[in-house]
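Values in this text are rule-based calculations from the coordinates and carry no lab data. Bear in mind the structure is a predicted one, so any value in this text is a computation, not a measurement. FYI the Cβ positions are ideal-geometry reconstructions off the backbone, even for glycines, and counts take in every protein chain you see.
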Amino acid sequence: MRFAFADPPYLGMGKFYAHLHPEALTWDRIETHAALAERLMAEYDGFVLCLASVNLAQILPLFPVGAARIGAWVKPFASFKPGVPVAYAWEPVIFRSVRGGRETVRDWVAENITLQRGLVGAKPRGFCRWCFEIMGAGKGDTLDDLFPGSGAVSAAWAEWIGGKSPLPELPLEASA
């Protein structure tokens, strides 16, 4: 089966990646996210789409009712920003799962954010593994990391399917 992991610049946050990629600011348009949602549904058996909690109300309607579910990445250790009275300590994940008859997986995961990965938003290994579980992915499947960034997702996938990670050992995630 074919799976996709999509972690684009979140709607309205392209400025954080503009210095790294010339098309980062196109992700500040809802139309760009709509095209991605259509692609995920048309081309993949299962998928994960990462997004910000402030964008859930805008992004979820891009998927037909019943085409996907919402999961939650809860961050026990998260950045607290000065002047922000309520911390952004969770992120929604829109996903489509395949393959019944396997062990039940929670629709949420608690994993700390990553630190010192060189890229804002790099995903922790435990989060990636949970994403593979909720999609129902396994050996013999393929995964397209649509926004490779730090390479953490591809490294976690290589470990998940029993291969050798293409990256050296990644730094440990932050401790709570």
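With +1 assigned to the C-beta of every Lys and Arg and -1 to the C-beta of every Asp and Glu, and no other charges, what is the dipole magnitude of the chain about the Cα centre in debye, to the nearest 20?
Charge dipole, the chain, about its Cα centre: 240 debye, nearest 20.
List the residues, sorted by chain then number, that are 5 or more residues from ASP145 or on another chain and whose placed amide H is less than 5 Å from its amide H.
Long-range HN contacts for ASP145: PHE5.
Sort 42-52, 3-13, 60-70 for me by packing, meaning the mean count of neighbouring Cβ atoms within 10 Å per residue, highest on top.
Descending mean neighbour count gives 3-13, 42-52, 60-70.
Alpha carbon centre of the stretch 60-98 versus the stretch 1-50: separation in Å?
15 Å
Under 16 Å from a point 7 Å along the Cα-to-Cβ line of VAL86: which residues of the stretch 32-56 have their amide N that close?
The answer is 52-56, whose backbone nitrogens lie closer than 16 Å to the label point.
Cα gyration tensor of the stretch 24-121, axes a ≥ b ≥ c as square roots of the eigenvalues: rounded (a/c below 1.5), prolate (a/b > b/c) or oblate? Write down the numbers at each step before the final one.
Working: a/c = 1.95, a/b = 1.27, b/c = 1.53.
Oblate is the answer for the stretch 24-121, as a/c is 1.5 or above yet b/c matches or exceeds a/b.
Can you classify the chain as rounded, prolate or oblate using the Cα gyration tensor, where a ≥ b ≥ c are the square roots of its eigenvalues, rounded means a/c under 1.5, and otherwise it's prolate if a/b beats b/c and oblate if not?
Rounded is the answer for the chain, as its axis ratio a/c remains below 1.5.
For ARG129 and LEU25, what is the calculated FRET efficiency with R₀ set at 30 Å and r taken between the beta-carbons, to the nearest 0.05? Intermediate values should be presented prior to the final figure.
On the way: r = 32 Å, r/R0 = 1.05.
Efficiency at R0 = 30 Å is approximately 0.45.
Which one of GLY136, GLY66, VAL105 has its Cα pushed farthest toward the positive end of the charge dipole of the chain, where Lys and Arg give +1 and Asp and Glu give -1 at the Cβ?
VAL105
Given axes a ≥ b ≥ c from the Cα gyration tensor, I'd like to know whether the stretch 1-73 is rounded (a/c under 1.5), prolate (a/b larger than b/c) or oblate.
prolate
Springs between alpha-carbon pairs under 10 angstrom, Gaussian network model over the chain: which of GLU133, GLU159, GLU91 fluctuates most?
GLU159
What FRET efficiency do you get for ILE161 and ALA35 if R0 is 22 Å and r is their Cβ-Cβ distance, rounded to the nearest 0.05?
Efficiency, from the Cβ-Cβ distance: 0.15.
Using just the helices of the chain, give the 222 nm mean residue ellipticity in deg cm²/dmol: DSSP H runs with n ≥ 4 each add -39,500 (n - 2.57), and the total is spread over all residues, rounded to 500.
Working: 4 runs with 38 residues, N = 176.
About -6000 deg cm²/dmol.
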